[in-house]
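The values are calculated or read from the model by the stated rules, or taken from the named source; none is laboratory data. Owing to the predicted nature of the structure, the values given are computational and were not obtained by experimental measurement. Don't worry about glycine lacking a Cβ; one is built from the backbone with ideal geometry, like all the others, and counts go over all protein chains shown.
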Amino acid sequence: MSYIANLNHFLKLQRKNQILIKRLKISDWIDSRQAEGLYYFTLQEASNTLGLTRQALARSLTRLVNNGRIVSIYHGFYLILPVEYKSWGVLPPDWFINDLMAYLEQPYYAGLLTAADYYGASHQKPMAFHVITSKPIRDIQCKRIKIRFFAKKDIDFSLVEQKNSQTGYIRVSCPELTVIDLLKYQNRAAGLNHIFSVLKELAENLDSERLVKAADSEGCTAYAQRLGWLLKQTDHPEKHLKLASWIKRKQPGYVKLDPKLPMKNSSRNCEWKLLINTQIEEDFA
């Protein structure tokens with residue numbers, strides 16, 4: 001076969017494939033993604049694959065949203081809902097958070113009370129899914145789920161573990177980073193009493209050396225000072241020893257145990273350089 005004949009044959013096949021793509025229904029394409037274990041798609045992927053006009057694609061997506069087949073969780077990012085989650089109207093966050101953060105091109109890990117829940121120490125089921133990332137992102141509220149984002153400038157991924165999920169894996173902070181983060185974001189994620197309750201359940205599994213590494217990664221001793229004092233109140237006070245030596249070398253100034261409360265009538269703890277301005281009680285709620 002001549003070069004010209006080969007070229008004509010190739011162009012004919014290409015036109016045939018383009019026609020097939022245009023005839024592919026968006027519902028069939030979504031079904032095929034779900035069959036492959038993919039429970040999401042982006043607007044750009046749909047546009048590139050289906051070859052529809054902007055208006056036609058918008059109409060098709062609106063129809064599928066109204067039928068409960070898909071849901072828009074973030075601008076340009078859609079979830080595919082299997083039958084068992086149609087009544088929910090959304091998927092659990094751990095099904096899609098890895099893909100969403102890849103779409104946003106942001107590093108992340110699940111942290112705070114969400115991470116504590118992975119280690120069986122959330123104390124109670126978290127009301128929101130907590131995500132640490134490198135820049136501010138607007139919280140997501142959709143149907144039965146809420147995703148709260150917390151910005152952290154520098155993330156040490158040696159303190160982040162990979163956990164299996166229904167659709168692959170997600171990144172979760174190790175127990176040591178989890179407790180440091182809880183103190184870092186205590187006013188937004190949980191109160192001090194709740195943190196103490198979680199800490200009592202996590203304390204046995206904390207590694208003393210990695211605890212120092214997690215504290216050092218923050219570049220701020222205040223969280224470690226509060227954590228060390230709280231650890232001494234648990235059933236595993238020995239976990240604080242290396243942290244105490246690290247803090248002593250840092251020679252920090254005094255900080256309040258609860259940063260949002262006044263210093264009035266507070267007592268001084270010389271070991272941890274803390275102003276004890278509140279009483280800690282385990283949260284049994």
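Here are the numbers for the structure shown:
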| quantity | calculated |
| --- | --- |
| Residues located in region 209-244, provided they are within 21 Å of Tyr118 (Cβ to Cβ) and polar (S, T, N, Q) | Ser217, Thr234 |
| Tyr254 vs. criteria over 27 Å from the mean Cα position of the chain (by Cα), of a type outside the set (A, V, I, L, M, F, W, C), surrounded by fewer than 23 Cβ atoms within 10 Å (Cβ to Cβ) and at pLDDT 95 or above | yes |
| Any chance Arg23 is modelled with pLDDT under 95 and either surrounded by fewer than 16 Cβ atoms within 10 Å (Cβ to Cβ) or among the polar types (S, T, N, Q) (or both) | yes |
| Cross-chain or 6+ apart pairs with Cβ under 8 Å, region 236-250 first and surrounded by 12 or more Cβ atoms within 10 Å (Cβ to Cβ), then not in a helix (DSSP H, G or I) | His236/Leu206; Lys239/Leu206; Ala244/Glu271; Ala244/Trp272; Ile247/Trp272; Ile247/Lys273 |
| When residues of region 29-86 are limited to those that are of a type in the set (Phe, Trp, Tyr) and in a strand (DSSP E or B), the one farthest from Lys146 (Cα to Cα) | Phe41 |
| Region 257-276, residues that are closer than 19 Å to Val198 by Cβ and either of a type in the set (Gly, Ala, Ser) or exposed (fewer than 12 other Cβ atoms within 10 Å of the Cβ) (or both) | Lys260 |
